[in-house]
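Novice: One structure is given below, represented as structure tokens, and several questions about it will come after.
The values are calculated or read from the model by the stated rules, or taken from the named source; none is laboratory data. Bear in mind that the values here come from a model prediction, so they are computed numbers and not experimental data. Methodologically, a virtual Cβ is constructed for each residue, glycine included, from the backbone with ideal geometry; neighbour enumeration extends over all protein chains shown.
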Amino acid sequence: MIIAERKPLDEIKTLVDDAQKVLVVGCGTCVTVCFAGGSREAQITAASLRMSTKLDGNGKNVGDVTVQRQCEWEYLDEIKDQVEDADMVLSLGCGIGVQAIAEHFPESWVVPGLNTTFLGIPSEQGVWEERCAACGDCILGLTGGICPIARCSKSLLNGPCGGSEAGHCEIDPDVPCAWQLIYDRLSSKDKLHVILDLQPPKNWSTSRDGGPRKIVREDLRLKAEEA
Amino acid sequence: METNQFVPDIIAFCCHYCAYAAADLAGSMRLAYPAAVKVVEIPCSGKLDPLYVLRAFEDGADGVMVAG
């Protein structure tokens, strides 16, 4: 899922400083699950903004609403009236949600309430870890299901560097060395031969090196008369 | 007692199974507690959401007590 963290209240207050009527928009998908921008966080952020700005002597009218997914037009249609009625939208969606609102409601002004951080998993209650870099050319089949792009600090593709010490990365002793994990995993499955095979250079054009990415599925597109 | 003394409004979120039952018992025993304490029964103190606390303050409470 997409992992995000809410911005500090002071930063949010600066972002909404120009507006008198603010609509906090939560998102019911990834950022709900990582406790950053769901319905509960939207309500808490709205209440915090109302109280904080009131204490500052400039009490703002702050409401909140949460949609199932900010990144789909259909769900954004549901809040059209509320968005148009507000001076500003504070999106508690990921960066995609913020941009979707800006794109879907060109007359409105939208600011981000979260810092979108990475694609990852809740490894335990209250802990989230990065797992995928969305490089567009997945090599997990070669690395025992452990991604060296996302989990090696240097995104190395040819084994651990000299900074791997006792299974940990030189950047932080709490960070496991991805290549140690890969080696251990392949070794335990008796599949070390997989990383002995020569691999061609990775195709980075599918990653950010190729510019903004886009997928078009002609089989799924609607014909002009259906759209 | 001075009449202009500040008396804080306190919202007391009380667990149904212990603190609320205790407050109920206190009432049955005619034990008085300050009128500025308003008891709100919740199913369990674990049910308390930060939002309830924020809403209490937003609606004018001076303090919030959680008992459970």
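Conditions tested, residue by residue: (1) touching a residue at least 24 places away in the same chain (Cβ under 8 Å); (2) assigned by TED's automatic domain parsing to the domain that holds A:Ala19; (3) polar (S, T, N, Q).
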{"site": "A:Gly63", "(1), (2), (3)": "yes, yes, no"}
{"site": "A:Gly95", "(1), (2), (3)": "no, yes, no"}
{"site": "A:His104", "(1), (2), (3)": "yes, yes, no"}
{"site": "A:Glu124", "(1), (2), (3)": "no, no, no"}
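Novice: Would you call A:Val98 out of contact with any Asp or Glu (no Cβ under 8 Å at 6 or more places or on another chain), of a type in the set (A, V, I, L, M), closer than 24 Å to A:Pro122 by Cα and not in a loop (DSSP other than H, G, I, E, B)?
Specialist: yes
Novice: Is one or more of the residues making up segment A:41-51 surrounded by 15 or more Cβ atoms within 10 Å (Cβ to Cβ) and of a type in the set (Asp, Glu)?
Specialist: Yes - at least one qualifying residue is present in segment A:41-51.
Novice: Take the residues of segment B:10-54 that are within 14 Å of chain A (Cβ to nearest Cβ) and assigned to a helix (DSSP H, G or I): which is surrounded by the most Cβ atoms within 10 Å (Cβ to Cβ)?
Specialist: B:Leu54
Novice: Checking the structure you have, find out if any residue of segment A:54-68 is within 14 Å of chain B (Cβ to nearest Cβ), on the phi > 0 side of the Ramachandran plot and surrounded by fewer than 18 Cβ atoms within 10 Å (Cβ to Cβ).
Specialist: No, segment A:54-68 contains no residue that is within 14 Å of chain B (Cβ to nearest Cβ), on the phi > 0 side of the Ramachandran plot and surrounded by fewer than 18 Cβ atoms within 10 Å (Cβ to Cβ).
Novice: Which of the following residues is under 25 Å from A:Leu9 (Cα atoms), out of contact with any His (no Cβ under 6 Å at 6 or more places or on another chain) and surrounded by 15 or more Cβ atoms within 10 Å (Cβ to Cβ): A:Gly120, A:Gly144?
Specialist: From the options A:Gly120, A:Gly144, the qualifying one is A:Gly120.
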